[in-house]
């Protein structure tokens, strides 16, 4: 196998993995009754327990589209002017555009939400467009950043994306599964960008990035445990007639955080050898 193909192979596996996860999220949380109930409990819990977070969520989401595009573009351009990696910027921008376009196509033209008798105020809203905007802006900055600073870009980008996704839940625009699906769409196109970049004759990162973001790994693991426990409790509550809306809400937010941080860790690892 040629060296370029070997460099691209991890990104191919990443694209396949994000596709499988996306399909799994859609089939369980949208196409199944129990998945819809669990997702809806978290959605309802956010409405009950949002408290003062609603003001932050409203302000954040109102500014998000312009802020993500403008700030992301300015930061990326500054980095590119310093590094002169215009080709990387073009590929990153292409991935961001593809992520946002495919998000809208999937939501409005491909995917549907069957009626399962679950009371909901939303039609199909998967994947989340606002989450995709935030995540794709973070992706562009991550890709054009110098390798030694990519771990920092991954951390900041994941925090920004998780905040955006959680805000859409608090604001009652999206369910947790919508947010997770939006992140996975952007991650898929980030892997496609990696395939393209790995196939080109660009100089490798020297030395490769060594940071594995262990702090983020442990945070993602802790959030994952909370999400898993909340999922079990919420599932059991559907069987015995209780609700536990706060637990469902906390589980939804934890699942969003787990996904965002885990994708940041994996992305940082995949791109460790690319300049």
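The values are calculated or read from the model by the stated rules, or taken from the named source; none is laboratory data. Quick caveat, the model's predicted, so the values are computed rather than measured. In this analysis, Cβ positions are derived from the backbone assuming ideal geometry, glycine residues included, and neighbour counts consider all displayed protein chains.
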Go through (1) surrounded by 15 or more Cβ atoms within 10 Å (Cβ to Cβ); (2) out of contact with any strand residue (DSSP E or B) (no Cβ under 8 Å at 6 or more places or on another chain); (3) closer than 30 Å to residue 218 by Cβ one by one and return the number of the condition residue 147 breaks. (2)
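How about the stretch 197-210: which of its residues are in contact with a helix residue (DSSP H, G or I) (Cβ under 7 Å, 6 or more places away or on another chain) and either surrounded by 16 or more Cβ atoms within 10 Å (Cβ to Cβ) or at pLDDT below 85 (or both)? Lay out the reasoning, then the answer.
Start the filter on the stretch 197-210 by keeping residues that are in contact with a helix residue (DSSP H, G or I) (Cβ under 7 Å, 6 or more places away or on another chain), which leaves 197-199, 205, 209.
Scanning the stretch 197-210 gives 197, 198, 205, 209.
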Give me a count of the residues in the stretch 49-76 that are more than 23 Å from the chain's Cα centre (by Cα) and surrounded by 12 or more Cβ atoms within 10 Å (Cβ to Cβ). 1
Residue within the stretch 162-171 that is modelled with pLDDT under 95 and outside any helix (DSSP H, G or I) present: yes
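Here are some residues: 194, 157, 182. Which one is buried (at least 24 other Cβ atoms within 10 Å of the Cβ), in contact with a strand residue (DSSP E or B) (Cβ under 8 Å, 6 or more places away or on another chain) and not in a loop (DSSP other than H, G, I, E, B)? So that I can check it myself, show each step before the final result.
Values: 157 fails: in contact with a strand residue (DSSP E or B) (Cβ under 8 Å, 6 or more places away or on another chain); 182 fails: in contact with a strand residue (DSSP E or B) (Cβ under 8 Å, 6 or more places away or on another chain).
Among 194, 157, 182, only 194 is buried (at least 24 other Cβ atoms within 10 Å of the Cβ), in contact with a strand residue (DSSP E or B) (Cβ under 8 Å, 6 or more places away or on another chain) and not in a loop (DSSP other than H, G, I, E, B).
Table: residues versus (1) closer than 20 Å to residue 34 by Cβ; (2) part of a helix (DSSP H, G or I).
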position: 225; (1), (2): no, yes
position: 230; (1), (2): yes, yes
position: 236; (1), (2): yes, yes
position: 243; (1), (2): yes, no
position: 248; (1), (2): yes, yes
position: 252; (1), (2): yes, yes
position: 264; (1), (2): no, yes
position: 269; (1), (2): no, yes
Taking the stretch 10-48 and keeping residues closer than 19 Å to residue 172 by Cα and exposed (fewer than 15 other Cβ atoms within 10 Å of the Cβ) leaves 48
Where residues in the stretch 45-84 are out of contact with any helix residue (DSSP H, G or I) (no Cβ under 6 Å at 6 or more places or on another chain) and not in a helix (DSSP H, G or I), which of them is nearest to residue 198 (Cα to Cα)? 84
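Going by what's in this entry, would residue 148 be described as assigned to a helix (DSSP H, G or I) and at pLDDT below 95? Before you say what the answer is, go through the steps one by one.
Values: assigned to a helix (DSSP H, G or I): yes; at pLDDT below 95: yes.
Taking the combined requirement at face value, the residue satisfies it.
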Would you check if there is a residue in the stretch 27-45 being within 24 Å of residue 272 (Cβ to Cβ) and free of Cβ contacts under 8 Å to residues at least 60 places away in the same chain? no
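Does the stretch 198-206 include one or more residues that are assigned to a helix (DSSP H, G or I) and either within 29 Å of residue 91 (Cα to Cα) or without any contact (Cβ under 8 Å) to a residue 60 or more places away in the chain (or both)?
Within the stretch 198-206, the first condition is being assigned to a helix (DSSP H, G or I), and the residues that meet it are 198-199.
After this cut, where a residue has to be either within 29 Å of residue 91 (Cα to Cα) or without any contact (Cβ under 8 Å) to a residue 60 or more places away in the chain (or both) as well, the list is 198-199.
Checked the stretch 198-206: at least one residue is assigned to a helix (DSSP H, G or I) and either within 29 Å of residue 91 (Cα to Cα) or without any contact (Cβ under 8 Å) to a residue 60 or more places away in the chain (or both).
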